[in-house]
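The values are calculated or read from the model by the stated rules, or taken from the named source; none is laboratory data. Values in this document were obtained by computation on a predicted structure and should not be read as measured data. A quick note on method: Cβ atoms are made from the backbone with ideal geometry, for glycine too, and the neighbour counts reach across all protein chains shown.
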Amino acid sequence: MKLSKSYRIGIDVRLLTRRRGIGNYVYNFLQELAKLESQNKFILYADSKDVKYAIPNDSRFILKIIGPKFYPLWEQIVLPIHAIRDNLDILHCPANAGPLLLSSKIRLILTIHDVMYMLPSSALPSSPSLYQNIGRKYLSWIVPLAVKDAAALITVSNYSKTDIIKYFTIDENKIFVIHEAAGKNFKKNMDGITLPIIENLNIPDRFIMAFGAIDPRKNTSRIIDAFEHFINLTKSDNQLIVVGLPQSAKNHFTKQVQKLGISSNVTFLGFVSEDELIALYNRAEIMLYPSLYEGFGVPILEAMACGTPVIGSTSASIPEIAGNAAVLIDPTNLEQLYSSIHKLSSNKKLRDELSSKGFIQANKFSWSKLAVETLSVYNGCFKSN
């Protein structure tokens, strides 16, 4: 849809400093948006100069560093003030929440990745992290209010759309499902490039990988229990590599593996670079992703794009994203998780089959498509003008 004039579109890009999760979403979106023909001006708001490296070199993109860094004050007071000063037509907030006191002349678009902050503790246990719990409380208050004034909502899966309709008061015609994807660098690469990276990480030749977090929804404790069951009953020489743990979480789970007597079989890594992550996917025998709740689950597609067989869960959006290209289990069932690890580890034919299916599944998603469809949502805000 071509517009008769250009518009000024603000985008909250604070999370570009964290190249995972929503930060990764914003980064890939901007890179692909820069490739599209558009007369619009994009004013990018951040709270740190550290985002500069991730901003496309394009005259249509204007970066503005505004403070302070205290998130609620930045989002609710400082951002809407600058949005008015910059004469925005649209403000896109891609991290679930947005300002409540925004000029009625500015159309607010929210990307709501999930609604886990709205779920009761009986459905999703509270995190032991005080920071995460405070953030969850903030979102549970702000998001329902921001949604009421939004011109449009973008979400990343049909599952999340269903949850949004369940928990918020909004016309479902204002909700647009636009899937995420694996980055273009995630691909099968067994020509020796990944080997030095693995050696530098001091990773063994044969290993299973998983993403860990102190947040219970990532199911890290159960992954460790299932792996202990697996190696003790099968006497396998496989190792478990858990990626993405800050030091506090490493300390927490180190106590668990020590108690189980498998310290020599488990390695905890922090947040790794993209090159390291690609190398890990390529060398891993299996990638475990038995999450209790995900709005999307990008690591599933990243692993598949690298040819890595995936064990996922039957929960939330994961079946929608994984399709028929992964082994899906009840994430609360320890026996199912152990049995799936055992079955897949001992069956190369099944691993190869899932690897082939995974390539096909991962190719169904693309960041370029996300950018095109997001720009269409922007344009749709003015279709009646």
Report summary line: L260 vs (1) buried (at least 22 other Cβ atoms within 10 Å of the Cβ); (2) touching a residue at least 24 places away in the same chain (Cβ under 8 Å): all pass except (1)
Report task. Considering every residue within the stretch 211-224, establish whether at least one is over 25 Å from the mean Cα position of the chain (by Cα) and either closer than 19 Å to S346 by Cβ or buried (at least 18 other Cβ atoms within 10 Å of the Cβ) (or both). Result -> no
Query - Among (1) within 21 Å of the chain's Cα centre (by Cα); (2) assigned to a loop (DSSP other than H, G, I, E, B); (3) on the phi < 0 side of the Ramachandran plot - the single one S59 does not satisfy - result: (1)
**Report entry** Condition met for H82 (at pLDDT 95 or above, under 22 Å from the mean Cα position of the chain (by Cα), in the same structural domain as T374 (by TED's automatic domain parsing) and not acidic (D, E))
**Finding:** no
Query raised in the report: Just checking, how many residues over the stretch 225-251 are among the polar types (S, T, N, Q) and either touching a Cys at 6+ places or on another chain (Cβ under 6 Å) or surrounded by 17 or more Cβ atoms within 10 Å (Cβ to Cβ) (or both)?
Result: 3
Query raised in the report: When only residues in the stretch 1-24 that are small (G, A, S) and modelled with pLDDT under 95 count, which is surrounded by the fewest Cβ atoms within 10 Å (Cβ to Cβ)?
Result: S4
Query raised in the report: Do we find that F227 is in contact with a strand residue (DSSP E or B) (Cβ under 6 Å, 6 or more places away or on another chain) and closer than 22 Å to A305 by Cβ in this structure?
Result: no
Query raised in the report: Has the stretch 207-215 got at least one residue that is over 30 Å from I112 (Cβ atoms) and outside the structural domain of E32 (by TED's automatic domain parsing)?
Result: yes
Query - Selection status of A249, over 25 Å from A362 (Cα atoms), small (G, A, S), in the same structural domain as G358 (by TED's automatic domain parsing) and without any contact (Cβ under 8 Å) to a residue 60 or more places away in the chain - result: yes
Report task. With the condition kept exactly as written, say whether any residue in the stretch 25-42 is surrounded by 14 or more Cβ atoms within 10 Å (Cβ to Cβ), part of a strand (DSSP E or B) and in contact with a helix residue (DSSP H, G or I) (Cβ under 8 Å, 6 or more places away or on another chain). Result -> yes
Report task. For the stretch 279-385, please list each of the strands (runs of 3 or more DSSP E) lying entirely inside it that holds at least 2 residues being buried (at least 24 other Cβ atoms within 10 Å of the Cβ). Result -> 286-289, 310-313
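Does L88 qualify as being out of contact with any helix residue (DSSP H, G or I) (no Cβ under 8 Å at 6 or more places or on another chain), crowded, with 19+ Cβ neighbours inside 10 Å and outside any helix (DSSP H, G or I)?
For L88, the condition - out of contact with any helix residue (DSSP H, G or I) (no Cβ under 8 Å at 6 or more places or on another chain), crowded, with 19+ Cβ neighbours inside 10 Å and outside any helix (DSSP H, G or I) - is met.
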